[in-house]
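**Student:** Can you read through this structure? Questions will come right after.
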Amino acid sequence: MSGNYEKTYSEKTAPALAALAPLLRRIDENALLRQKEVLDAFRKNRVEARHFYPSTGYGYDDISREKLDGLFADVFFAEAAIAGPMIFSGTHAISLCLQGILRPGQKMLAATGAPYDTLWPVIGLRPGTGSLAEYGIGYGEAPLTPDGLPDYDTVRRMLRSDDYALAHIQRSRGYALRPALTQGHLEKLIALIHEESPDTVVFVDNCYGEFVAPRDPVSFGADVIAGSLIKNPGGGIAPTGGYIAGRRDIVEKISYRLTTPGLGREIGSYAGDYRPYFQGLFLAPHVASQALKTAVLFAYMFGELGFEVFPAFDAERGDIVQSVSFGEGDLLVRFCGAVQAASPVDSFVVPEPWPMPGYDDPVIMAAGAFVQGSSIELSADGPMRPPYAAYFQGGLTFEHGIIAATMAAASMER
Ligand SMILES: *Cc1c(COP(=O)(O)O)cnc(C)c1O
């Protein structure tokens, strides 16, 4: 493969980089804008080295935890936030929001079709002990249009005919061949929900979307957002974690679900090092831009190779995820093998499809990451079902992305 590498680089990668130059520059410009905001938040919050120190026991007055929450709030232009290692994943963060806001007898509206696979047992779409359904919380779904866009008319009709205490919007695609919602689509959908039903809490699953667009959803009307720190906002540095950001009253309600009624965010210690959470957030706008550029390059190169790519290389993006449909399982497995081989950790491992907790079909994953399961690091996964699409994301540096794209393209030639 290494002889092939040089040839593929000069024949495919170098021309792609030349063709993409203006697009890549636009991604840099957005990163600059978002980096300035993140720096401003660090300055406003007067972050000091002592804010990285661990705490023990109950963690009352844990200044590090409070600082980190404050930073995440300001970075996302929210009134309040909960962020850090006490939320274990994106699913945990989203689940906390749903469980913290909704009460028995109320209903949630999935405004952008069925939510991400791991939320099915949370909602009760698949049996799950402790699901919302078990607590008597109802569910309604407005499917996406055949183009994968929000069905604004159906959302409006459903809000007029029933009471929904919460509307769930998923920005990224999950394991579906639908577009990520752009800032424009999100703005329109959020405004529509507020207009039709002012008391409905608008929640956005912001996973993979952070720092991709000029604004994140709290800035244009979302009441609360959530995501994972081993995706964009952890900058590849945070070793675990999640965040929730939004209206103060809503975040407080959620805090009573995270810990207990009465205690909320007053309690919670972390005997580990807080520095990676701060440093990761600081790096996040840049790292997200590197992942975005990597996605654009993969889209261009695999499009040129004749595969169906989604989104197109020049489409406006709402997340860092790129899919390539291979049509056959064998090519999907080969692609994931190449991404694995291009990883700094476990490069020698050969990925195989396996039944993953929370997912319906066997999933093949390429993950040679410093942080286990991190998908802001170069990674690819795909369920073993037609159209055998690889969902590719991450890349801490664009240089790494370029090398991986070259190796993956070379692996297609047999
Ligand atoms: C990754 C993801 C989640 C779940 O996050 P985990 O950290 O894997 O639990 C939820 N929704 C979307 C859209 C995602 O991409």
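Just so it is clear, none of the values below were taken in a lab; they were calculated from the coordinates. Fair warning: this is a prediction, and the values are worked out from it, not measured in the lab. No Cβ is skipped: glycine too gets one built from the backbone with ideal geometry, and neighbour counts run over all protein chains shown.
**Student:** So which of 12/231; 36/293; 7/231; 188/293 end up more than 24 Å apart, counting from Cα to Cα?
**Tutor:** Numbers: 12/231 29 Å; 36/293 19 Å; 7/231 33 Å; 188/293 27 Å.
As for pairs spanning more than 24 Å Cα to Cα, those are 12/231; 7/231; 188/293.
**Student:** Okay, next question. Starting from the Cα of residue 249, step 7 Å along the direction of its Cβ; do the same at residue 43; then give the gap between the two resulting points in nm.
**Tutor:** 3.4 nm
**Student:** Take the Cα atoms of region 69-152, find their three principal axes, and give me the spread along each one in whole Å, biggest first.
**Tutor:** 37, 34, 22
**Student:** A further question on this structure: Sequence-distant or interchain residues sharing an amide H contact under 5 Å with residue 389, placed H: which?
**Tutor:** Under 5 Å from the amide H of residue 389 lie the amide H atoms of 326, each far enough along the sequence or on another chain.
**Student:** For the chain, what is the charge dipole size about the Cα centre, in debye to the nearest 20, if Lys and Arg each add +1 at the Cβ and Asp and Glu each add -1 at the Cβ?
**Tutor:** Details: 35 positive and 48 negative charges, 103 e Å.
Dipole about the Cα centre, nearest 20: 500 debye.
**Student:** Mind putting a number on the dipole of region 1-77 about its Cα centre? Charges go on the C-beta only, +1 for Lys and Arg and -1 for Asp and Glu, and I need it in Debye to the nearest 20.
**Tutor:** Values: 12 positive and 12 negative charges, 46 e Å.
Computed about the Cα centre, the dipole is about 220 debye.
**Student:** At q = 0.16, 0.17, 0.31 Å⁻¹, work out log10 I(q)/I(0) for region 31-88 with the Debye formula, treating every Cα as an identical point scatterer and leaving solvent out; two decimals please.
**Tutor:** Debye curve over Cα of region 31-88, log10 I(q)/I(0) at q = 0.16, 0.17, 0.31 Å⁻¹: -0.52, -0.59, -1.30.
**Student:** Which whole-angstrom value gives the distance between the alpha carbon centres of region 365-414 and region 269-296?
**Tutor:** 19 Å
**Student:** A follow-up question, please. With axes computed from alpha carbons, what is the tilt in degrees of helix 329-341 against the longest principal axis of the chain, rounded to the nearest 10 within 0 to 90?
**Tutor:** Between the helix axis and the principal axis of the chain, the angle is about 90 degrees.
**Student:** What are the residues whose amide H is under 5 Å from the amide H of residue 323, where those residues sit 5 or more places off or on another chain and H is modelled from the backbone?
**Tutor:** 310, 392
**Student:** Put +1 on the Cβ of each Lys and Arg and -1 on the Cβ of each Asp and Glu in region 133-240; which of 142, 186, 200 then has its Cα farthest toward the positive end of the dipole?
**Tutor:** The residue sitting most towards the positive pole is 186.
**Student:** Hey, another quick one. In vacuum, with every alpha carbon of region 15-154 counted as one equal point scatterer, what does the Debye formula give for log10 I(q)/I(0) at q = 0.21 Å⁻¹? Two decimals, please.
**Tutor:** The Debye formula, applied to the Cα set alone, gives -1.15.
**Student:** Shifting gears a bit: Just want the answer: with Cβ charges of +1 for Lys and Arg and -1 for Asp and Glu, which residue in 91, 230, 318 is farthest toward the dipole's positive end in the chain?
**Tutor:** The listed residue farthest towards the positive side: 230.
**Student:** Under a Cβ-only charge scheme (Lys and Arg +1, Asp and Glu -1), can you give me the dipole magnitude of region 132-206 about the Cα centre, in debye to the nearest 20?
**Tutor:** On the way: 7 positive and 12 negative charges, 58 e Å.
Taking the Cα centre of region 132-206 as origin, the dipole is about 280 debye.
**Student:** Further, regarding this structure: Can you compute log10 of I(q)/I(0) for region 210-332 with the Debye formula, treating each Cα as one identical point scatterer, at q = 0.13, 0.19, 0.21, 0.22 Å⁻¹?
**Tutor:** -0.70, -1.09, -1.19, -1.24
**Student:** Next question. Note down, for the chain, the three equivalent ellipsoid semi-axes (square root of 5 times each alpha carbon gyration tensor eigenvalue), biggest first, whole angstrom. Numbers along the way, then the final one.
**Tutor:** Working: eigenvalues 228, 129, 81 Å².
They are 34, 25, 20 Å, listed largest first.
**Student:** Report the one residue of 281, 254, 239 whose Cα lies farthest in the direction of the positive end of the charge dipole of region 233-292 (charges on C-beta: Lys and Arg +1, Asp and Glu -1; origin at the Cα centre).
**Tutor:** 254
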